[in-house]
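The values are calculated or read from the model by the stated rules, or taken from the named source; none is laboratory data. If you're wondering where the values come from, they're calculated on a predicted model, not measured in any experiment. Don't worry about glycine lacking a Cβ; one is built from the backbone with ideal geometry, like all the others, and counts go over all protein chains shown. When the accessible area is computed, the model is the full protein with side chains, heavy atoms only, and any ligands, DNA or RNA have been set aside. Shrake-Rupley method; radii C 1.70, N 1.55, O 1.52, S 1.80 Å.
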Amino acid sequence: MNRNRLVVLAVCIVGVLLAGALIVRSGVFHSAPKPAAVGGPFQLVDYDGKPADENVLKGKWSAMFFGFTYCPDVCPGTLQALATASDQLGPKAKDLQIVMISVDPARDTPAQMKTYLTAGHLPKNIVGLTGTQEQVDATVKTYRAYAKKVGDGPDYTVDHSTMIYVIDPKGRFHSVIGYGSPPDEIARQLKAAMTGR
């Protein structure tokens, strides 16, 4: 192969590479952003019986968990830990809401949720959500959570996910806090999320 042909070949290769780079940079091959693996739209009602959707998670940081008012230990413990962690946030507490989504809509009517969550020992920044069984099931699925009724009769219980979901002020899933984390660790993780650390 003579020198002229090598030069022409080199110029062609460089041209093809430059064209490819320009096409990629232009966004032709960019795919649409993937939806979040956790979270998304839902339809429920708040404890005043008003329709509530994913927009309830916007505007503040949310510490959200799935539970039910007849829960004997996990849910009261989670609520108390979140309440104490909220106190430990100091001024940042105004930027946080605690959100409980019931996995027992048959018993957790809006009125029952309100009675349970407005007791004097809990902070005012709590949101309680419930709905029909179909709405609750869909929300559990949206957040890749778990809930299953166990037993029959009035004393049945519900097995459910126990983690706390941290949701940013745009309503997007940020992270999870493991069940049983002490209040100071919950507060530390919430502060880190809020400050972008």
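Yes or no, residue by residue, for (1) on the phi < 0 side of the Ramachandran plot; (2) modelled with pLDDT of 95 or more:
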position	(1), (2)
Lys124	yes, no
Gln133	yes, yes
Thr139	yes, yes
Tyr143	yes, yes
Ala147	yes, yes
Gly151	no, no
Lys170	yes, yes
Phe173	yes, yes
Gly180	no, no
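Which residues, counting only those in the range 137-152, are open to solvent by less than 50 Å² (accessible area, probe 1.4 Å) and under 18 Å from Leu44 (Cα atoms)?
Thr139, Val140, Thr142, Tyr143, Ala145, Ala147
Any idea which of Asp168, Asp155, Asp159, Asp184 is acidic (Asp, Glu) and either crowded, with 18+ Cβ neighbours inside 10 Å or within 16 Å of Met64 (Cα to Cα) (or both)?
Asp168
Under the condition of being free of Cβ contacts under 8 Å to residues at least 60 places away in the same chain and under 30 Å from Thr195 (Cα atoms), which residue from the range 100-117 is surrounded by the most Cβ atoms within 10 Å (Cβ to Cβ)?
Ser102
Please enumerate the residues belonging to the range 118-132 that are closer than 22 Å to Val103 by Cβ and exposed (fewer than 13 other Cβ atoms within 10 Å of the Cβ).
Thr118, Ala119
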